[in-house]
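Single-structure report; data block below.
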Amino acid sequence: MLTYISAKHAQLLQKNQLDTFEKVWDFKVNWFEEPNERRGGWSGVGRITLAQDDGSSIGAFLKKQDKHCRTSFLHPIKGVPTFQREFEMMQYLASKNIRAPEVLLFGRNPQGDLKTTLMTRELQGFQSLESLTEALFANATPSLATQRSLAKALAQFARQLHDAKIQHRSFYPKHLFVNASNIKAPEVAVIDLEKSRVNMLPALRTLIDLAVLNRHAKYWSKTTRMYFFLRYFDIQHLTPYTKWLCRLIIKRSNRVKHK
């Protein structure tokens, strides 16, 4: 597929003259930071606004890259653009009702080179788990009910992702986004899916992703971590298997932390 345009947002993109690969590629983006350059290619991302017919606007993120590829089982030598892999993963998660940014447009240069674009809608009302945690603990420790509500939502989301056989491979708090407008029932979404892949080994999906989250879950007490694990496994008490797996997660977290 060279170009994908969301049918729901086709008119919006046309209104903003961003409905072809060429128009999107030529559109000037204010990068969040200087584009990442490596292996002879580059990749960058910036935020844009799209005007709607009623005069309001929506936020979107526009990514561009050239010669920035990653090998895969189907493409072991030349690889494919990382944004193409991210686009395919976002479409797969959407089919499984797993919340992630909504794709507005994906495009590869029809001329045949590796120039690639990906535009996604902003997760309105969400903020990263990293920034949310800092805000909640800024002045005082939040109530146990608040901490458990958040831990439960994150655990259930992680389990939903893993049950879909997806290993995120970059499961940091900055890549998990939370809508906490109703703190009793937070909503969770995931971003940065470039490295994600299907992994048929359940224990490995759990070990790799949860070790990363456990290592970077700032302010989480031991009690909260245990509550998270219990909600992830959907059990009341650890079984011999889940106890073994939790020990591996903690061991891996500590090993990486002390490198």
- Item | Gain in span if fully extended, Ser143 to Glu37, counting 0.36 nm per residue against the direct Cα distance | 33.8 nm
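Return the FRET efficiency for the residue pair Arg197, Tyr241: r is the Cβ-Cβ distance, R0 is 41 Å, and the value is rounded to the nearest 0.05. Please report the intermediate quantities before stating the final value.
Numbers: r = 24 Å, r/R0 = 0.59.
It comes out at approximately 0.95.
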- Query: Taking all pairs of different Cα atoms in the chain, averaging 1/r and flipping that mean, what Kirkwood radius in angstroms comes out?
  - Reply: 19.9
- Task: Return the lysines within reach of Lys78: Cα separation strictly under 20 angstrom, same-chain partners fewer than 8 residues apart disregarded; answer none if there are no such residues.
- Result: Lys64, Lys67, Lys115, Lys195
- Per principal axis, largest first, the Cα atoms of segment 5-115 extend in Å by 48, 33, 27
- Vicinal HN-Hα couplings computed from phi for segment 125-137 (Karplus, 6.51 cos²θ - 1.76 cosθ + 1.60; Hz; Gly/Pro x): x, 9, 9, 5, 4, 4, 6, 5, 4, 4, 5, 5, 9
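With the Cα gyration tensor of segment 127-257 in hand, give its eigenvalues times 5 under a square root as the equivalent ellipsoid semi-axes, listed largest first in whole angstrom.
Values: eigenvalues 96, 59, 40 Å².
Three semi-axes, in Å: 22, 17, 14.
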- Points 7 angstrom from Cα along the Cβ direction at Asn182 and Tyr4: gap in nanometres? 2.9
- How far is it, in nm, from the label point at Asp234 to the one at Lys251 when both lie 7 Å from their Cα along the line to the Cβ? 2.8
- Note on the structure: Scoring the chain by relative contact order with C-alpha pairs under 8 Å, at least six apart, yields a percentage of 15
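Please report, in whole Å³, the volume per residue of the convex hull around the C-alpha atoms of segment 51-175. Working shown, then result.
Working: hull volume 20.2 nm³, N = 125.
Roughly 162 Å³ of hull volume per residue.
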- Note on the structure: Across Lys195, Lys23, Lys165, the residue with the highest GNM fluctuation in the chain (Cα network, 10 Å cutoff) is Lys23
- Item | Difference of contour (0.36 nm per residue) and Cα-Cα distance, Glu22 to Ser131 | 35.7 nm
- Could you work out how far apart the two model spin labels at Asn30 and Gln160 are, taking each label as a point 7 Å from the Cα in the direction of the beta carbon, and quote it in nm? 3.4
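Every number here is computed from the coordinates shown, using simple stated rules; none is lab data. As the structure is a prediction and not an experimental result, all values here were calculated from the model. Counting neighbours? That spans all protein chains shown, and the Cβs are built from the backbone with ideal geometry, glycine included.
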